[in-house]
Amino acid sequence: MKIFAVCGFGCGSSMILKMSLDRVCKQMGVACEVETTDINSARGAQCDAIFTSAELAGELKGSCTVPIYSVKKYMDLAEVKEVFEKFLSDIKGV
């Protein structure tokens, strides 16, 4: 599966979120490709989900066809895992 970590310019906080998502996926044994991108590129992106801040999630809603998940603390692995688990349960239809 392919996930985008999104921030305003695609090279700052999205990189921190990407590293946390990579760690969570590895811990959970989930094969996942995580890429960083900026908010404008995310609007037409081909991926399975977008992870970003609550502020940017609000801006992306309505302009994306994939689910958007917001994370408050990008370096908090427990929070990132919780949000990622929500994504997994959503795609499984649980």
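Would you mind listing how long the chain runs along its three principal axes, going by Cα atoms, in whole Å with the largest first?
For the chain, the Cα extents along the three principal axes come out at 31, 29, 20 Å.
For the chain, state which trypsin sites (Lys or Arg not before Pro) are in a DSSP loop and have at most 13 other beta carbons lying within 10 Å of their beta carbon.
Values: sites: K2, K18, R23, K26, R43, K61, K72, K73, K81, K86, K92; in loops: R43, K61, K72, K73.
For trypsin sites (Lys or Arg not before Pro) across the chain that sit outside H, G, I, E and B with at most 13 neighbouring Cβ atoms in 10 Å, the list reads K61, K72, K73.
Is the C-alpha gyration tensor of region 45-94 telling us rounded, prolate or oblate? Criteria: a/c under 1.5 is rounded; beyond that, a/b larger than b/c is prolate, otherwise oblate.
oblate
Which of T52, T37, T65 ends up with the largest GNM mean-square fluctuation for the chain, with Cα atoms connected below 10 Å?
In the Gaussian network model the winner is T65.
For a quick check, take a GNM of the chain with Cα springs below 10 Å and name the residue from S14, S41, S70 with the largest mean-square fluctuation.
Looking only at S14, S41, S70, the largest GNM fluctuation is found for S41.
At 7 Å along Cα-to-Cβ for each site, give me the label-to-label distance between D48 and A31 in nm.
1.0 nm
Any read-out appearing in this document is the output of simple, stated calculations on the displayed coordinates, not a laboratory observation. Since this is a predicted model, take the numbers as computed values, not measurements. Neighbour counts run over all protein chains shown; Cβ positions are idealised from the backbone, glycine included.
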